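Asker: The structure's right below; bear with me while I get my questions together.
The values are calculated or read from the model by the stated rules, or taken from the named source; none is laboratory data. These figures come from a predicted structure and were not determined experimentally. Neighbour counts run over all protein chains shown; Cβ positions are idealised from the backbone, glycine included. Remember, those area values only see protein heavy atoms, side chains included, never the ligands or the DNA or RNA. Shrake-Rupley method; radii C 1.70, N 1.55, O 1.52, S 1.80 Å.
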Amino acid sequence: MKKLQILLIAGAAAFHFACNPLEVKELVDPNNPSESSVLNNATRRQVQFLVTGLEQRHRGYVTNISQAWNTFGRETWYLNASDPRFQTDWLGQAGRVPDAAYFGFGATGGGSYATPYQCIKQGYVLIDAANNSGELSAQEKRAVAGFAKTIMAYQFMIPANWQYENGIRTDVKDPLKPGGFRSYTAAMGFVDSLLNAGYDDLNNGGTTFPFTLTAGFTGFNTIDGLKRVNRAIAARCAVYRKDWQGALTALNLSFMNLTGALGAGPAHTFGAPPDAFNPLFYVLDANINTIIVVHPSVLADATPGDARVAAKFHQRATPVTITTDAMPLVGTHQDKRWASNTSPIPFIKNEELILIKAEAHAQLNQTTDAVNAINIIRNAANIGNYGGATTQAALINEILYQRRYSLWAEPWGHRWIDARRYDRLNTIPTSFDQGTIFKQFPRPQSEINWDLYAGG
């Protein structure tokens, strides 16, 4: 995404005082235009900028979530010699527990809290700009709304899973008058409703999406393709809500393909400056002391001959060692999934959808279908068909194990969320770092400050 192609909405307009100190005039900033400049009869070009800007906002969570959530779930360690808090705080060493000003979370929440809400705000502005434009047909406006709501729903799931039982705000269209906090169950129900609303918009949006999407949506840049992405995200939402039949229904309308490429799916794109590089790419064997490494338990628990191990993990010529107050942390392997610093990063893919199918069937005691889906994943990893028990408990154990390697270190923290939703956080090992496994995080200081301010 080129800088000049992206229109990002500033949180507040810039102002200056003229000769009369009581007369406030708005400055025009071409890089961060005010909302009013696009909400009143936006041109097609302006709407295009907003669409591209939404895609840019959509990828904003990747760095923080990949570093933090995958550390919490012990899929990886984010080793940073220049700042020990990435080890002591994120691993919960020496009794460290999260608070409202938690490092890496802080006053704004970084990529895990504030950034998703910025993306959501961008989505609302896009919808309003399209609806108020005289250059778009009614059908085109529905198509834009469907795309925006799909992305916004994905983003709402980030703070929801970060806060979990502490709840999040979902009524946030007016940032100066946000609604109250809603429980995890209510928030995920809201996400489901937003996805359904987006799907309905897309169903009434014609056949051709009226604006250009980045290469990350190649194969999904038509109305039909976007509907399939919407239903894929709905399937993820459904398993979080324990709506197993709903997950299967969504999968049947998604891009799931039992015989297709497991890596197929929409992706976040990256590029050379002025765009941003892939934040998860590290040169193999580079002599550095800031890097994401494979957690030792992932290596220890791998099935011999699993092709995913060879495809994803690179054994470093020289391990990375970080000394903490608790013990030395040694990273012997690093991530090798990304060919270059401009490689795209999928945000949902066919492999996850097949595993969702397996889980939903297992939960519904549809054993044959569950085993068939498991075997697709196992055979792709060259470890052969499943030969274990076919009780529901045994199948769930197998599915969670396969999710651990198929979805390893994706920018979502799958293992942390999976362990929590099955009440298995105590199975995540801490012996390698003498840390603590966190269940959830408190509301950030900015939310507390806002409630104090709003309450007078």
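Asker: Which residue, of F217, F181, is under 19 Å from M256 (Cα atoms), of a type in the set (A, V, I, L, M, F, W, C) and either in contact with a helix residue (DSSP H, G or I) (Cβ under 8 Å, 6 or more places away or on another chain) or crowded, with 17+ Cβ neighbours inside 10 Å (or both)?
Answerer: F217
Asker: While we're here: Does A286 fit the bill of being of a type in the set (A, V, I, L, M, F, W, C), outside any loop (DSSP other than H, G, I, E, B), free of Cβ contacts under 8 Å to residues at least 40 places away in the same chain and surrounded by fewer than 16 Cβ atoms within 10 Å (Cβ to Cβ)?
Answerer: No: the conditions fail for A286.
Asker: Let me ask another. Working only within the range 239-271, note down all residues that are within 18 Å of the chain's Cα centre (by Cα) and in a helix (DSSP H, G or I).
Answerer: V239, Y240
Asker: Turning to a different aspect of this structure: So which residues in the range 152-172 are part of a helix (DSSP H, G or I), open to solvent by 10 Å² or more (accessible area, probe 1.4 Å) and aliphatic (A, V, I, L, M), if there are any at all?
Answerer: Listed by number, the list is empty, since nothing qualifies.
Asker: Residue check, S340 against (1) of a type in the set (S, T, Y); (2) open to solvent by 50 Å² or more (accessible area, probe 1.4 Å); (3) under 27 Å from V229 (Cα atoms), all met but one. Which one?
Answerer: Against the list (1) of a type in the set (S, T, Y); (2) open to solvent by 50 Å² or more (accessible area, probe 1.4 Å); (3) under 27 Å from V229 (Cα atoms), S340 comes up short only on (2).
Asker: Right, here's the next one. For the subset of the range 317-336 comprising residues that are part of a loop (DSSP other than H, G, I, E, B) and touching a residue at least 60 places away in the same chain (Cβ under 8 Å), which member is most open to solvent (accessible area, probe 1.4 Å)?
Answerer: Residues of the range 317-336 part of a loop (DSSP other than H, G, I, E, B): 324-327, 336.
Now drop any that are not touching a residue at least 60 places away in the same chain (Cβ under 8 Å), which leaves 324-327.
Details: T324: 20, D325: 150, A326: 36, M327: 46 Å².
Applying the filter and picking the extreme gives D325.
Asker: Just to verify a result, which residue in the range 222-241, among those that are open to solvent by 70 Å² or more (accessible area, probe 1.4 Å) and out of contact with any helix residue (DSSP H, G or I) (no Cβ under 8 Å at 6 or more places or on another chain), is farthest from K173 (Cα to Cα)?
Answerer: Per the criteria, the residue is D224.
Asker: Checking L194 against (1) touching a Lys or Arg at 6+ places or on another chain (Cβ under 6 Å); (2) surrounded by fewer than 16 Cβ atoms within 10 Å (Cβ to Cβ), which test does it fail?
Answerer: Only one criterion in (1) touching a Lys or Arg at 6+ places or on another chain (Cβ under 6 Å); (2) surrounded by fewer than 16 Cβ atoms within 10 Å (Cβ to Cβ) is unmet by L194, namely (2).
Asker: Hey, another quick one. With the condition kept exactly as written, say whether any residue in the range 293-308 is among the basic types (K, R), surrounded by 17 or more Cβ atoms within 10 Å (Cβ to Cβ) and touching a Lys or Arg at 6+ places or on another chain (Cβ under 6 Å).
Answerer: no
Asker: In the range 208-218, is there at least one residue being in a helix (DSSP H, G or I) and under 20 Å from V239 (Cβ atoms)?
Answerer: Looking for residues that are in a helix (DSSP H, G or I) and under 20 Å from V239 (Cβ atoms), one finds none in the range 208-218, hence no.
Asker: Based on this model, can you work out whether R45 counts as modelled with pLDDT of 90 or more, part of a helix (DSSP H, G or I) and surrounded by fewer than 16 Cβ atoms within 10 Å (Cβ to Cβ)?
Answerer: Taking the combined requirement at face value, the residue satisfies it.
Asker: Residues being open to solvent by less than 20 Å² (accessible area, probe 1.4 Å) and modelled with pLDDT of 95 or more: count how many of those fall in the range 411-437. If you could, list the steps in order and put the result at the bottom.
Answerer: Here is the first cut: in the range 411-437, the residues open to solvent by less than 20 Å² (accessible area, probe 1.4 Å) are 411-414, 416-420, 428, 433, 435.
After this cut, where a residue has to be modelled with pLDDT of 95 or more as well, the list is 414, 416-420, 428, 433, 435.
Residues in the range 411-437 being open to solvent by less than 20 Å² (accessible area, probe 1.4 Å) and modelled with pLDDT of 95 or more: 9 in total.
Asker: Please identify the pairs in which a residue from the range 149-161 that is under 14 Å from S193 (Cβ atoms) has its Cβ atom under 7 Å from the Cβ atom of a residue that is part of a helix (DSSP H, G or I) and among the hydroxyl-bearing types (S, T, Y), counting only partners at least 6 apart or on another chain.
Answerer: Short answer, once both residue conditions are applied: A160/Y184.
Asker: Something else about it: Hand me the list of helices (runs of 4 or more DSSP H) wholly inside the range 353-456 holding 3 or more residues that are over 23 Å from R308 (Cβ atoms) and of a type in the set (A, V, I, L, M, F, W, C).
Answerer: In the range 353-456, 445-454 are the helices (runs of 4 or more DSSP H) which contain 3 or more residues that are over 23 Å from R308 (Cβ atoms) and of a type in the set (A, V, I, L, M, F, W, C).
Asker: Could you tell me whether D200 is assigned to a loop (DSSP other than H, G, I, E, B) and more than 24 Å from N70 (Cβ to Cβ)? Break it down into steps so the answer makes sense when it comes.
Answerer: Details: assigned to a loop (DSSP other than H, G, I, E, B): no; more than 24 Å from N70 (Cβ to Cβ): yes.
In short, no.
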